[in-house]
Each structure stands twice: as C-alpha cells, then as structure tokens.
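Since the structure comes first, as structure tokens, the remarks are kept for the end.
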Amino acid sequence: MSNPLLEATDVRIYYKSVHGEYKVVDGVDVTVERNEIFGLAGESGCGKSTLVEGIMRLVRPPGRIVSGKAMFYPQEPLNRALATTSRNGGQGRDNFIEGIDLFQVNEDDLRYLRWRYLSYIPQGSMNSLNPVMRIGDQMIDVIVQHSELTKSQARERAIEVLRTVGLSPRVERAYPHELSGGMKQRAIIAMAVTLNPQLIVADEPTTALDVNVQRAVLETIAEVKERTGATVIFVSHDLAVHAELVDRLAVMYAGDVVEVGSVYDIFERPKHPYTQRLIGSIPTLGGPRTRLESITGIAPSPLAWPGGCRFHPRCPHVMDICKRVAPKLREVETGHQTACHLYDGDAEQHVDSEAVVA
C-alpha cells in the first residue's frame, strides 16, 4: 500500500518573457514514498530543477506556479496550526496527517516548515555559503532560528552533525574559502540535515565535483537517509549517479514525466523510447562492442511544445496518434509507469526494450 510523504499533481510552472510564456513544467504528477531516495532525471532544460524549486516554493518572478498541488504528509501532527491549507483559504488545524498543500501555505508558515520538515540543497550549493561567516556560525543561525536550542547548544549540535557527514569539528571554525569543494558540499549537506527534516531535496549536488569526491558525497547522502529515516528527492542529469544512489526514478522530458519505476526496472527494462535511448547512450565496460544509441534532433522549446506526445518529432516508433493525442502515464508493469501510446494496445505492440537498448 502506498504511503507517500509527498504527492505533486498537475504541477504547472511558467515563466513570462518578451517572447511569450515558457511552460517549463507543464502538468507533472509525481508521488514520493516515505524513506526512499527518489530520483529525477532528464536532459538539461527538461524542467526537473524547476519542479523541485516549485515544490519548495522557491520560484521567483518572472516564474509562477500556475496550477497544481504539492501535498506534504508529515509523520506526526505539527506543533502549530498553519494559516492556509487549501485554495478555499481554510484555517489551519492542529492535526495535519491529512496533508498540507505546500502551494497554499503563507510565507510565515513556509519559514516554519523549512529546515524543520523540508530542507533544500540548491544547485551550485558550494557557492551558497556566506563567504564572510564561519561554517559553524551559519549552521548556528539556522538552528537557533528554527528550534528551541540555545546558542551554545546549537554549536554543539553543529559540531555533532559535521562529524556525521565526515568532517572534522575544526570545520565549524573555518570559512568557506578554507574548504575544498567536497568539504563545502558536505558542509551544505550537514546544514540541510541539522534539524532532521523529513524531506530533503538535493538539486544536482554532485555538479563540478571529481569522481572521487562525487562518490563521497553520494555515500554521505545515503548514510544520512539511512540514519535519519529522511526521504530524499535527488535531481541529476547523470544516469550513472542515479543508478548508484536512488530507489525509484522519474524520467522527465519537455516539462513532463514520461516514465517512473524502480531504478532497476528503469535500467533493465526501460519502456519509453526516450528512456531507452538515454540508457542506450551510456557506454559500458566489458561485453561485445556495440554502437551507442543517440537521440536525433533537438529538445523542443518550452515556448511551443509539440502537439500530442512531445517526443514524437524525435521518436523512431512514432505513430499517427502520437502527433494528435498526448499519452498519459499508465502502469505497464507493477510499480512501473510510462506515458507512451505503444502501450495502449496489445502486448504485441509493445516496444522490445531489450532489443532497443542492446
């Protein structure tokens, strides 16, 4: 039985410009289960970072959340009532097990939820540290503002958390420029988990790191998840990183999700032609030499998505219906969903994923 921590439905996030409206996220549905690492993958520009920024209510003008819900289900009642939990402006109640629509809570309530319940590791997070403040002071500010701890207790907590991510207590007294890239990234992770949030969103946390440091950061995220029981949404365009870390994976293309499943199913039995070619483009070590798959053409512009299936101009299996009707996500195997008309009919019509990837 599904036990979600977060359910996002029909999320649409648009950006206005002099050229028109960019529909960067356009009708996304995702469900994130408790105590899992949920991956978001796809080409640059597919909308994955904008989606998590929307869930965290970090989209700023000219961007706006046009529609949708982001229902967050805390594990226990909150310690305070929230002012607004519905589009009807209903007043908060003491018990929120039925869920909180993150798109509807006001800014004051968002400040209450952030760090305590929701935490965010931003893209390029190594540059998000204040260069003129010591690492410990930045962590202490977060702890004191969002908990009942005193400043001395907050310092002890900061040192404790730094140890748990593999950093020396001496880092607490260091300035960001005194740390390596990997150490700064782990310091950001420490800050994100200081108050044991239930949901951690990590947006491209391994970008610009070498492979050894990247592995250390991935291990840190996995250890934090196991130790605290937190749920993690992990965003990356790097499929190899997803294969290493995540439990379930959603593949995005042109502002929408085209496939969702366990990371094993996605890699071993990809269903959507886009996913198949993404995975087929990854070189492998050992085995017979084969030609790598490629995706012809270029990704469409969010100013004007193609009609029907947005992948149809690049799809080798395109049919007439693909050009006219947008496919919906449907379950094709237990726990494995895809949005593709090739799975609308009998099994004989299904794509042979093994043949395509091989």
Based on DSSP loop calls and a cut-off of at most 14 other Cβ atoms within 10 Å, the longest stretch of the chain free of exposed trypsin sites (Lys or Arg not before Pro) is what? 94-288
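Could you give the longest part of the chain that holds none of the GluC sites (Glu not before Pro) found in DSSP loops with at most 10 neighbouring Cβ atoms within 10 Å?
Details: sites that count: Glu98, Glu148.
By the stated rule (loop sites, at most 10 other Cβ atoms within 10 Å), 149-358.
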Reciprocal of mean inverse Cα separation for segment 197-333 (Kirkwood radius, Å): 17.0
Would you list, by chain and number, the aspartates and glutamates whose Cα falls below 19 Å from the Cα of Lys225, excluding same-chain residues fewer than 8 positions away? Glu33, Glu36, Glu76, Glu160, Asp203, Glu204, Glu244, Asp247
In a shell of Cβ-Cβ distance under 12 Å around Cys322, excluding Cys322 itself, what net charge do Lys and Arg (+1) and Asp and Glu (-1) give? +2
Starting at the first residue of segment 129-142, write each ³J(HN,Hα) from the Karplus equation 6.51 cos²θ - 1.76 cosθ + 1.60 with θ = phi - 60°, in whole Hz, x for Gly and Pro. 6, 6, x, 9, 10, 5, 4, x, 5, 5, 5, 5, 4, 5
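How many percent of Cα pairs in the chain exceed 27 Å? Walk me through the intermediate numbers first.
Working: 32275 of 63903 pairs.
Counting pairs separated by more than 27 Å, the tail of P(r) holds 51 percent.
What is the percent of Cα-Cα separations in segment 264-327 that go past 18 Å? Walk me through the numbers on the way to the answer.
Details: 937 of 2016 pairs.
Percent of Cα pairs beyond 18 Å in segment 264-327: 46.
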Straight-line reach from Lys271: which lysines have Cα under 24 Å away, leaving out those fewer than 8 places along the same chain? Lys48, Lys323, Lys328
What does segment 230-291 give for Rg and for Dmax, in Å, if only its C-alpha atoms count? 12.3, 41
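Grab the eigenvalues of the alpha-carbon gyration tensor for segment 89-246, scale each by 5, take roots, and send me the semi-axes largest first in whole angstrom. Before the final figure, lay out the partial values.
Working: eigenvalues 135, 88, 36 Å².
Calculated on Cα positions only, the semi-axes equal 26, 21, 13 Å.
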Hey, which lysines would be in cross-link range of Lys16, C-alpha to C-alpha under 18 Å, not counting anything within fewer than 8 residues on its own chain? none
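We did not get these values from a lab; they are worked out from the coordinates using the rules stated. Quantities reported herein were computed from a predicted structural model and do not represent experimental measurements. Ideal geometry is used to build each Cβ from the backbone, glycine not excepted, and the neighbour counts take in all protein chains shown.
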